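*Asks:* First the structure, which I've put down as structure tokens, then a few questions once you've had a look.
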Amino acid sequence: MVNTPEQFVQAQKLTFDTFQAVALKSFEAFEKLAELNLQAMKSSLEESADQMRGLMSAKDIKVVGDWSVNGLQPAADKMGAYAKHVYDIASETGGEIARLVEKQMAEGQKQFTASIDAMAKSAPAGSEGIVTLMKSAVSAANTAFDQVQKATKQAVEAAEANLTAATKATRPATRKAA
């Protein structure tokens, strides 16, 4: 509950600190993605140059055909690994930001509950029903928020499982094509 200017300033400071932490985590994720992309581009350029040298030195068409078929699997594996790295960075960042926001939300809920309790103590006689209604509404909102968090966590876990399954399924399909 915010009763004094000092408490208000403290609440604003906590909000600012959370915002700052979220901004820094987002920037860290951007840096990781930029580094991953630079590594992928460098690797791709080197591999392309090696492949072109190999094609230019091929003496017959069968070698060229074998090279193109045999090049499919490594490319698919690399794309899968790249997608997994991007997903890991996004997932890690999202989890860290979610923890920061949850902490801020918990603090806000605690302050709001304290405000209701303080209001209940100083409320005039006969207003107990309104106070009970407010407490009930806060409790229902907290329950709904918890359910949304659980559903989101389950959706993220399902997405992770699907990504893993898709990555595993790509390898045999690419081998068959080769």
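The values are calculated or read from the model by the stated rules, or taken from the named source; none is laboratory data. Model, not experiment: these values are computed from the prediction. Note that we place each Cβ from the backbone using ideal geometry, even for glycine, and neighbour counts take in every protein chain shown.
*Asks:* Taking into account only those residues within the range 4-54 that are under 22 Å from Thr113 (Cβ atoms) and in contact (Cβ under 8 Å) with a residue 12 or more places away in the chain, which is farthest from the chain's Cα centre (by Cα)?
*Replies:* Narrowing the range 4-54 to residues under 22 Å from Thr113 (Cβ atoms): 4-15, 17-18.
Those left that are additionally in contact (Cβ under 8 Å) with a residue 12 or more places away in the chain: 11, 14-15, 18.
Values: Ala11: 26, Leu14: 23, Thr15: 21, Thr18: 17 Å.
That would be Ala11.
*Asks:* Restricting attention to the range 88-116, and to residues there that are touching a residue at least 24 places away in the same chain (Cβ under 8 Å) and among the acidic types (Asp, Glu), which single residue is farthest from Asp146 (Cα to Cα)?
*Replies:* So, considering only residues that are touching a residue at least 24 places away in the same chain (Cβ under 8 Å) and among the acidic types (Asp, Glu), the one farthest from Asp146 (Cα to Cα) is Glu92.
*Asks:* Right, here's the next one. What helices (runs of 4 or more DSSP H) completely inside the range 60-177 contain at least 2 residues that are among the acidic types (Asp, Glu) and either loosely packed, with under 13 Cβ neighbours inside 10 Å or at pLDDT 75 or above (or both)?
*Replies:* Values: elements: 61-70, 72-122, 128-177.
The qualifying helices (runs of 4 or more DSSP H) are 72-122, 128-177.
*Asks:* Restricting the search to the range 18-49, which residues are over 18 Å from Ile89 (Cα atoms) and surrounded by 12 or more Cβ atoms within 10 Å (Cβ to Cβ)?
*Replies:* Of everything in the range 18-49, those that are over 18 Å from Ile89 (Cα atoms) and surrounded by 12 or more Cβ atoms within 10 Å (Cβ to Cβ) turn out to be Thr18, Phe19, Ser43, Ser44, Glu47.
*Asks:* Then there's this: Taking the conditions exactly as written (exposed (fewer than 13 other Cβ atoms within 10 Å of the Cβ) and at pLDDT below 90), does Thr15 satisfy them or not? Before you say what the answer is, go through the steps one by one.
*Replies:* Working: exposed (fewer than 13 other Cβ atoms within 10 Å of the Cβ): no; at pLDDT below 90: yes.
Taking the combined requirement at face value, the residue does not satisfy it.
*Asks:* Shifting gears a bit: Spot the failing condition for His85; the list is (1) within 30 Å of Glu28 (Cα to Cα); (2) of a type outside the set (S, T, N, Q); (3) free of Cβ contacts under 8 Å to residues at least 12 places away in the same chain, and only one is missed.
*Replies:* That leaves (3) as the condition not met.
*Asks:* Among the listed residues Ser139, Ser127, which satisfies the condition of being over 30 Å from Asp17 (Cβ atoms) and not basic (Lys, Arg)?
*Replies:* On the way: Ser139 fails: over 30 Å from Asp17 (Cβ atoms).
When all the criteria are applied, what remains is Ser127.
*Asks:* Say whether the condition of being closer than 30 Å to Lys32 by Cβ and among the hydroxyl-bearing types (Ser, Thr, Tyr) is met by at least one residue in the range 121-133.
*Replies:* Taking the range 121-133 as the starting set, the residues that turn out to be closer than 30 Å to Lys32 by Cβ are none.
No - not one qualifying residue is present in the range 121-133.
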